[in-house]
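Heads up, the thing below is written out as structure tokens.
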Amino acid sequence: MTDQLVQLERRKKGVTWLKIHHPPVNAIGKDLMDELDAAVIELTSDPSTRIVVITSTHPKIFLSGRDLKGMILGSSDMALEDNFIEKESARMQACFQRFRDLPKPVIAAINGHALGGGCELALACDFRLMGNGKIGLTEVSLGLIPGAGGTQRMTELLGRGKAMELIFLGKKLSAKEAEEIGLIHYAIEPSQFEEKVTEFAETLATGAVHAMGLAKQAINASEKGLEEGLAVEAKAFANTFESNEPSIGLAAFFQKEKANFIDSE
């Protein structure tokens, strides 16, 4: 798949890098969301993709916020369509949710600033590894609020009190600061960023990725309450036997060896 704004690069061990390329500042607009949606569909059905890494071709920006100029100009459509801005917010929420629901591990490789919408996309990913730049939900400083899932996901991740502090004050955190409070998983030395992200992604890729996807489904279901979460977990547990991963893992266990779920390259 070759697109103007989203580039897919398939690498070793089933790791696919999704690179966002939307000059000049990687702003989020309709065309980018359309291509991200198409990429999720392709990656979901691609058996060769085991792990997805989302990053940017911009040297200093992972992803910036919504294209506010375009939204303001488009707001004139409100005369013809009710709740235009609300629907734009819901559109971004749905786009980022697709990465949260992707039945494979998704890594946000934050190579530059991830403020506003960039932070919201990172929050929708399973893992966040960061090198350069700052991260945060800064919308309140513009008289706005996060509108692509940020209020919900940051609260889920950090708790109500810390989410309020970061959102109300529009804090911009360095990678180290973000790691210290659990907003990201790992702060990485920028000069080693791609090397370390690749190492982490390939480590995941050699594991039981089908089981990881089912575990992700069950973990996500915890938001719906214990009863429904347990039901999803039981169903997902049964579905693990639809692949050959249990036979590989159990055989290795009884032979006291490390399971190999992927052919070495």
Name the residues in the range 85-127 that are surrounded by fewer than 24 Cβ atoms within 10 Å (Cβ to Cβ) and charged (D, E, K, R), would you? Glu86, Lys87, Glu88, Arg91, Arg98, Arg100, Asp101, Lys104, Asp126
Residue within the range 217-230 that is over 23 Å from Lys13 (Cβ atoms), in contact with a strand residue (DSSP E or B) (Cβ under 9 Å, 6 or more places away or on another chain) and either among the aliphatic types (A, V, I, L, M) or loosely packed, with under 15 Cβ neighbours inside 10 Å (or both) present: no
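Among the residues of the range 159-193, how many are of a type outside the set (S, T, N, Q) and either touching a residue at least 40 places away in the same chain (Cβ under 8 Å) or on the phi > 0 side of the Ramachandran plot (or both)?
16
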Looking at the range 202-242, which of its residues are polar (S, T, N, Q) and farther than 20 Å from Val52 by Cβ? Ser222, Asn239, Thr240
Of all residues in the range 96-132, how many are over 21 Å from Pro24 (Cβ atoms), of a type in the set (A, V, I, L, M, F, W, C) and assigned to a helix (DSSP H, G or I)? 4
Residue check, Leu183 against (1) part of a helix (DSSP H, G or I); (2) under 30 Å from Arg10 (Cβ atoms), all met but one. Which one? (1)
Only one of Glu194, Glu245 is within 20 Å of His113 (Cα to Cα) and either surrounded by 14 or more Cβ atoms within 10 Å (Cβ to Cβ) or of a type in the set (Ser, Thr, Tyr) (or both); which? Glu194
Over the range 1-31, the set of residues surrounded by fewer than 17 Cβ atoms within 10 Å (Cβ to Cβ), part of a helix (DSSP H, G or I) and not acidic (Asp, Glu) is Lys12, Lys30
Criterion: under 18 Å from the mean Cα position of the chain (by Cα) and part of a helix (DSSP H, G or I) - qualifying residue of Ala215, Ala238: Ala215
For the range 155-199, how many residues are of a type in the set (Phe, Trp, Tyr) and more than 22 Å from Lys60 (Cβ to Cβ)? 1
Out of all the residues in the range 141-174, which are crowded, with 18+ Cβ neighbours inside 10 Å, in a loop (DSSP other than H, G, I, E, B) and among the aliphatic types (A, V, I, L, M)? Ala148
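Every number here is computed from the coordinates shown, using simple stated rules; none is lab data. As the structure is a prediction and not an experimental result, all values here were calculated from the model. Glycine also receives a Cβ, built like all others from the backbone with ideal geometry; neighbour counts cover every protein chain displayed.
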